[in-house]
Amino acid sequence: MSNISYINGVYCNHQNAKVSINDRGYHFGDAVYEVIFYNNGVFYDYEGHITRLYKSLKMIDIKFHISKQQLKIIIKNLIRINRVEFGSIYIQVSRGIAERNHSYFKLNSKPILTMTISKKINNINDNIKGVKAITIVDNRWSRPDIKTTQLLPNVLAKTYANEKNAYEGIFIDHEGYVTEGSSSNIWIINKNNEILTREIDGKILSGITRKTISQFAKNNNFKMLEKKFTKEEMLNSREVFLTSASSFVTPIIEIDNIKIGNGIIGKTSIELRNLYFKNFN
Ligand code: PDD
């Protein structure tokens, strides 16, 4: 079965799914996006992701006229047509098509909605492996709280991490505090058994998985604080893990060649990962 994508009202084969050379997303990264995970009839954190999509659109002033209900119909159609059992859906809305000009003042362009599906092998019940990470200076613009497609520093950070045989690049701000991963939020469990993740202070994306996991942590009587921590605190912590829509809860066992908690996956990370899956299955 071929891979069917969606572009502005049309369902088409992947190879025919083309956007205009004048799409502002292509020119300027003038677009926002979401990634939603799907497993056998269940979307993970659907409401959270869709609500954030509309919030991002509002934050960069894109006037999008497709309703949440219409969006859901398209998403469900794509899942059905592509016969997806396990995988993710990528949703992007750009400001639209216009001759290249930085300003969108009085532009009246029509937003372009595109969606693609990525089918995956269900590996939820496999033995989870911990991953390695490296740290890198956070050199992003001052609005990483908006989920735009303008991701060049993230792209470079992830590639640099992969070159160093690591899974994730963790951004460190100019004061030595951890902000987030190139495509994830970062958490630690410190020596006092407190679970820490940076507060929503405009310097990180307000992760949807992050929100769900903090709720689980609170409901399950873990000591949970939304508070920033330094790179040193992270390197000296009992456990480190990352969260995202595509990596769920993934333990990090080594950062900058330093082993975290003796390089063994921590039990709290596993407990939270299991709670996450249990919630949706
Ligand atoms: N990225 N921080 C950044 C910079 C991210 O790109 C992501 C997600 C997250 C986690 O957010 P959420 O839990 O809502 O997925 C945090 C997605 C998965 C991506 O770009 O593919």
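Could you identify the single residue in F229, F248, F216 that is aromatic (F, W, Y) and touching a strand residue (DSSP E or B) at 6+ places or on another chain (Cβ under 7 Å)?
None of the other options fit; the residue is F229.
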Checklist entry - Just one of the numbered conditions (1) loosely packed, with under 14 Cβ neighbours inside 10 Å; (2) closer than 22 Å to G96 by Cβ; (3) in contact (Cβ under 8 Å) with a residue 60 or more places away in the chain is not true of I21; which one? => result (3)
Next on the checklist: Give all pairs with beta carbons closer than 9 Å in which a residue from the range 33-48 that is touching a residue at least 24 places away in the same chain (Cβ under 8 Å) and outside the structural domain of M115 (by TED's automatic domain parsing) meets a residue that is of a type in the set (A, V, I, L, M, F, W, C) and open to solvent by less than 10 Å² (accessible area, probe 1.4 Å); count only pairs at least 6 apart in sequence or on separate chains.
Outcome noted: none
Item to check | Hits in the range 266-278 (condition: more than 18 Å from L196 (Cβ to Cβ) and open to solvent by 50 Å² or more (accessible area, probe 1.4 Å)) | outcome: N274, K278
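Considering only the range 30-42, state which residues are assigned to a strand (DSSP E or B) and either within 9 Å of the ligand (Cβ to nearest atom) or out of contact with any helix residue (DSSP H, G or I) (no Cβ under 8 Å at 6 or more places or on another chain) (or both).
So in the range 30-42, the residues assigned to a strand (DSSP E or B) come out as 31-39, 42.
Hits for the range 30-42 are Y33, E34, V35, I36, F37.
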Checklist entry - Which one of I134, I121, I188, I117 is buried (at least 19 other Cβ atoms within 10 Å of the Cβ), closer than 30 Å to V10 by Cβ and more than 12 Å from the ligand (Cβ to nearest atom)? => result I117
Checklist entry - Out of (1) over 28 Å from P144 (Cβ atoms); (2) open to solvent by less than 40 Å² (accessible area, probe 1.4 Å), what's the single condition that is false for Y11? => result (2)
Checklist entry - Of all residues in the range 199-248 being open to solvent by less than 30 Å² (accessible area, probe 1.4 Å), assigned to a strand (DSSP E or B) and of a type in the set (A, V, I, L, M), which is nearest to the ligand (Cβ to nearest atom)? => result L242
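The values are calculated or read from the model by the stated rules, or taken from the named source; none is laboratory data. The structure presented is a predicted model; accordingly, all values stated were derived computationally and were not measured. Please note: Cβ atoms are built from the backbone with ideal geometry, for glycine as well, and neighbour counts cover all protein chains shown. Heavy atoms of the whole protein, side chains included, go into the accessibility calculation; ligands, DNA and RNA do not. Shrake-Rupley method; radii C 1.70, N 1.55, O 1.52, S 1.80 Å.
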